[in-house]
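Contents: one structure, followed by commentary.
The values are calculated or read from the model by the stated rules, or taken from the named source; none is laboratory data. All figures in this text were calculated on a predicted structure; none of them were measured in a lab. Here Cβ is always computed from backbone atoms with ideal geometry, including for glycine, and neighbour counts include all displayed protein chains.
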Amino acid sequence: MIKFFRNSKLLIILMGFTFIALNIQSTYAVTTKMWINTDSADISKGKLQNVSLNSLGEFTLSPGKSKINEIPATYVWCLVADGTDSLFAGTGNPGSIFKVSHDGNVVEYFKTPELHVQALVIDSTGNIYAGTLPHGRIYRITSRGEGEMFCELPVPYIWDMVSDISGNIYAATGDNGVIYKISDKGTISVHFDSPSSNILDLVIDNDGNIYASCEPDGLIYKITPNGDASVLYDADEDEIHCLAIDKNGVLYAGTSSGAPPVLRTPVPPAQPEVPLPPLMENFPGEPTDVWMNDFLSVNDIEATTPPLVNNGYAENGRREVPVMPEMNTIYRIDKDGRVRKIFAVEGFVLCMTIDDNNEILVGTGNKAALFKINTDYEASLLYDFKESQILDILSYKDGINYMATGNNANVYQLSNAYSHEGTYESIVHDTTYVSSWGCISWKEKTPSQTNITLSTRSGNNRKPDNTWSDWAMGYHSNGEKIKSPSARFIQYRATLTTDNAGITPSLDNVSIAYLPQNQPPVIRRVEVTTPRNIAVDETGNNNSVDIQDTTLYSPDDMYLDSSRKNKKTARNNIIKLIFWEAEDPNNDRLEFHLEYKSVDESKWKILKRNVKEVNEFYWNINRIPDGYYQAKVIACDELDNPLEFALKEEIESDSFLIDNTRPVVLDLKTVIESDAIDSHSRSGYTITVSGTAKDGMCNITDIQYSIDSGNWQTAFPEDKIFDSTEETFLITIPFISSDEHTIVINALDYEGNIGSSRIVFNP
């Protein structure tokens, strides 16, 4: 991407930065919980007014800020100052130079015929040189405001300019990545021809060495006064957007290779040679006064850059750019070549400068925010702005700094004194349920002549409105009882003041104690089923069940094969499985009480008390009379609540059948149908066995027969369907010898009871 703002893609993204979230709560409710609003993602979403926030989560007063009279343009691309306390601003659309006097008066100093004045330098005699686009022209304006075109370069874009002690001007250009040298007479020569598309930014050291950043290669070049060039650093990012050098010769480089969203407004066709997008609509998402998602101030930060998508124009006429930025970085490059990452931000690093204290001021987009990085590389958010971008920062004198913004075009003055008063308004904290408030606590440093006051308000809807309480009277002492009424949501406001512009109070580690209202347990369902293949102990004790295999399968899958001698399987009907699903909204531990009764009874009987940490119970029902029953599950949270606050919930099951009575097999008869010969030519008979399987409570589900203790074989009812409590059957045996035989018939009902009968037959 090319640097038109100084990069077309840089003005499209909504910038943010994030802290690490910390919301400490007790393991179980309903005990006192603590909302600790420090070093958290939430803290950065609050509303700051003249308050700075550092990467440690500490609040201080911001330096005083004042806005110069509004400039009639869209962008203020660059700033330069002369020796008479006058400030000059190069603007875009129109491409003019405005003069800002020390009293804040703004006048148009010189208007070029170009769209944008992208770079300004001023010589020792007060002449201003303005680099413009889209025609690559440099204009010279005298101290009297008289201007003319100084030279025209064979490129469309001039991104930046610097001058040396001899009065030569060096211009960083695109889209062929050349640094041009222009003498004081206007003579043009190629100082360095890079393989990159665009040289984006230039700085010059005391020895006349020029450092240049570029895209899309992400390289930083060092070019000597005689034009010899070397690569100082090859970054992981595609674009090194801006550079700054401190008084010790340490170089800092900021990246802008993140990914802005697709522009929503079509690019105006009137100026196709300059891909300048118009004002963008608000970024989709929940609006906040401060868009901060991530800023870090640590050494050796790992920051990644997403791959770029098509950066041309889509068929719909919208500018296609990557969707969201990942972390952009500031690198520190020592004179010995050692490189470190000292700062990362989820947004574009658009400009940097070194102030009088050798601290780094960083401007970002898009949304505009101003950061300060101290000499220990701790970062602070000084201000967020309503504008979209901070495009240039000028460190002036006596600790005064100026900032230029885009969308809208403004110039701000930042003083070296603290604001008299500032406020921080936290996010709204959701306690989930109506809560009673405890104390509000915080850590503070309040030197003499400074003060910190906290206030709270509460309500039962997420967004504060006129239904919320008023701000409670300020809390001046750490640990005061919160005066806001009980509610689900709470918010605090911190007010920092100083009577001495040279000192500031600091605030950290704000915490609010609260007790959520206890909520009853929730039982979602309860079911009673008949499990299969459950082995029981010899005693038949109701609650002493040794589960060998809890796999459930339908009665149709139940085979009464006598070969299963490796398992001691109980009659299935002696076990019922009571299963339930329950949870507690407060995450309390639950215990359960189980009861039962027949459907024609009114009084519930105790089945099991104090069931913990499980949601099932195996019930031995062999001593329970046949009939239809219900089970009840009672959930209670008294394990984690005082008795007076404990709550319970209960649910009844659907009715279910207990059937301990075996089916009967009646009316067994055998009939010889015909003579038969087996495969070994032995003579015998074909016979039929008929009978009836009958149950008093539930359907017959299976009929099996065995001849002379042989393998069990399945038989079907005469109508081929098991659908009744009484089933007649007719079994055809193709061959049976003329000897005496014993035929056993088993019938299985739905509850797993097995009834048996036999017939002895001698043809």
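Remarks
- Subset of the stretch 596-629 (residues that are assigned to a loop (DSSP other than H, G, I, E, B) and loosely packed, with under 10 Cβ neighbours inside 10 Å): ASP600, SER602, LYS603, GLU613, VAL614, ARG623
- Selected residue (only one of ILE490, ILE523 is among the aliphatic types (A, V, I, L, M), touching a His at 6+ places or on another chain (Cβ under 9 Å), under 28 Å from ASP588 (Cβ atoms) and at pLDDT 95 or above): ILE490
- The residues of the stretch 740-763 that are surrounded by fewer than 20 Cβ atoms within 10 Å (Cβ to Cβ) and either more than 13 Å from THR686 (Cα to Cα) or in contact with a Leu (Cβ under 9 Å, 6 or more places away or on another chain) (or both), listed by number, are GLU740, HIS741, THR742, VAL744, ILE754, GLY755, SER756, SER757, ARG758, ILE759, VAL760.
- Qualifying residues in the stretch 503-517 (those that are assigned to a loop (DSSP other than H, G, I, E, B) and of a type in the set (S, T, N, Q)) - the one farthest from VAL51 (Cα to Cα): GLN517
- Remark: pairs (first residue in the stretch 658-673, without any contact (Cβ under 8 Å) to a residue 60 or more places away in the chain; second residue exposed (fewer than 13 other Cβ atoms within 10 Å of the Cβ); Cβ separation under 8 Å; 6+ apart in sequence or on different chains) = GLU673/THR732.
- When the stretch 468-487 is limited to residues that are out of contact with any Gly (no Cβ under 6 Å at 6 or more places or on another chain) and under 16 Å from GLU425 (Cα atoms), the one that is modelled with the lowest pLDDT turns out to be MET473.
- Hits in the stretch 136-155 (condition: assigned to a loop (DSSP other than H, G, I, E, B) and modelled with pLDDT of 95 or more): GLY136, LEU153, PRO154, VAL155
- Among the residues of the stretch 164-180, those that are small (Gly, Ala, Ser) and either surrounded by 14 or more Cβ atoms within 10 Å (Cβ to Cβ) or not assigned by TED's automatic domain parsing to the domain that holds ASP205 (or both) comprise GLY167, ALA171, ALA172, GLY174, GLY177.
- Within the stretch 149-159, the set of residues being among the aliphatic types (A, V, I, L, M) and either in contact (Cβ under 8 Å) with a residue 60 or more places away in the chain or buried (at least 24 other Cβ atoms within 10 Å of the Cβ) (or both) comprises ILE158 only.
- Check on LYS386, more than 32 Å from the chain's Cα centre (by Cα) and outside any strand (DSSP E or B): no
- Boolean, TYR424 is out of contact with any Ser or Thr (no Cβ under 7 Å at 6 or more places or on another chain) and either among the hydrophobic types (A, V, I, L, M, F, W, C) or buried (at least 20 other Cβ atoms within 10 Å of the Cβ) (or both): yes
- Cβ pairs under 7 Å, 6+ apart, first in the stretch 68-86 and of a type in the set (Asp, Glu), second part of a loop (DSSP other than H, G, I, E, B) and surrounded by fewer than 21 Cβ atoms within 10 Å (Cβ to Cβ): ASP82/GLY126; ASP85/HIS102
- The lone exception for PRO225 - which of (1) free of Cβ contacts under 8 Å to residues at least 60 places away in the same chain; (2) farther than 21 Å from ALA130 by Cβ it fails: (1)
- Any hit, the stretch 319-326, residues being on the phi < 0 side of the Ramachandran plot, modelled with pLDDT under 95 and assigned to a strand (DSSP E or B): yes
- Here is the figure for the stretch 382-408: residues that are out of contact with any Leu (no Cβ under 6 Å at 6 or more places or on another chain) and closer than 15 Å to GLY104 by Cβ total 3.
- Residue-level analysis places ASP201 outside the set of residues that are modelled with pLDDT under 95 and among the acidic types (Asp, Glu).
- Elements of the type strands (runs of 3 or more DSSP E) sitting completely within the stretch 207-246 and holding at least 2 residues that are among the hydroxyl-bearing types (Ser, Thr, Tyr), in the same structural domain as SER194 (by TED's automatic domain parsing) and closer than 23 Å to GLY363 by Cβ: these cover 210-215.
- VAL162 meets all of the listed conditions (1) in contact (Cβ under 8 Å) with a residue 40 or more places away in the chain; (2) of a type in the set (A, V, I, L, M, F, W, C); (3) under 21 Å from ILE330 (Cα atoms) but one, namely (3).
- Enumeration of residues in the stretch 486-502 that are in contact with a strand residue (DSSP E or B) (Cβ under 6 Å, 6 or more places away or on another chain) and not in a strand (DSSP E or B): SER486, ALA501
- Strands (runs of 3 or more DSSP E) completely within the stretch 630-729 that count 1 or more residues being within 25 Å of GLU595 (Cβ to Cβ) and of a type in the set (A, V, I, L, M, F, W, C): 648-652, 656-658
- SER738, sole failed condition from (1) over 24 Å from LEU657 (Cβ atoms); (2) in contact with a Gly (Cβ under 8 Å, 6 or more places away or on another chain); (3) free of Cβ contacts under 8 Å to residues at least 40 places away in the same chain: (3)
- Whenever a residue of the stretch 49-67 is over 12 Å from ALA494 (Cα atoms), its partners that are modelled with pLDDT under 90 and among the acidic types (Asp, Glu), lying with C-beta atoms within less than 6 angstrom and at least six residues away or across chains, give the pairs GLY57/ASP39.
- Selected residue (criterion: surrounded by the most Cβ atoms within 10 Å (Cβ to Cβ)) from residues of the stretch 357-383 that are in a loop (DSSP other than H, G, I, E, B) and free of Cβ contacts under 8 Å to residues at least 60 places away in the same chain: GLU359
- Exactly one residue out of PHE761, PHE729 is among the aromatic types (Phe, Trp, Tyr) and free of Cβ contacts under 8 Å to residues at least 60 places away in the same chain: that is PHE729.
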